[in-house]
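Written below as structure tokens is the structure these notes are about.
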Amino acid sequence: AAVGSLSKRTVDCTGTRLRIALDYSARWAIWRAARQAGDSAAFADFARLICGGVPPVDLLIRTGDEQRLSDFLLWECAFAELYFSRSYWPDFDARSLDTALDWYARRQRRFGE
């Protein structure tokens with residue numbers, strides 16, 4: 001229900017993307033890209049193989065009170081802000097999302113500096 005509601009609330013947003021990845025392995029995606037790229041690939045080309053042209057993640061919300069990435073979007077989250085919620089995914093509702101977005105809005109992004 002939370003995903004359907006979120007989809008409806010963000011239908012007119014431009015430049016905003018929501019990614020939900022199930023049964024996904026970042027290590028496998030990086031390995032596959034390395035095999036495809038070969039030795040002569042430029043860094044940007046390699047990154048495109050991993051990310052498929054999708055921009056980096058700005059905010060990663062981890063539910064279930066786990067404080068780890070669990071092989072999830074390792075490359076894409078290099079400079080992401082990480083928000084950890086005690087709520088489990090089925091209970092992560094619009095209010096939980098608003099809390100996470102308010103937290104993110106107060107962050108000073110430094111991109112590794």
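The values are calculated or read from the model by the stated rules, or taken from the named source; none is laboratory data. The shown structure was predicted, so the numbers you read here are calculated from the model rather than taken from an experiment. Cβ placement follows ideal geometry from the backbone for every residue including glycine, while neighbour counts extend to all protein chains displayed. These area figures cover heavy atoms from the full protein model, side chains too; ligands, DNA and RNA do not enter into them. Shrake-Rupley method; radii C 1.70, N 1.55, O 1.52, S 1.80 Å.
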Kirkwood-Stokes translational diffusion coefficient of segment 39-113, alpha-carbon pairs, 37 °C, 0.692 mPa s, µm²/s: 234 µm²/s
Modelled FRET efficiency - R0 30 Å, Ile20 with Arg110, Cβ distances, 0.05 increments: 0.65
Nearest-10 value in Å² for the accessible area of Tyr104, using the 1.4 Å probe: 60 Å²
Inter-label distance, nm, simple model (7 Å from Cα along the C-beta direction), Val54/Asp93: 2.8 nm
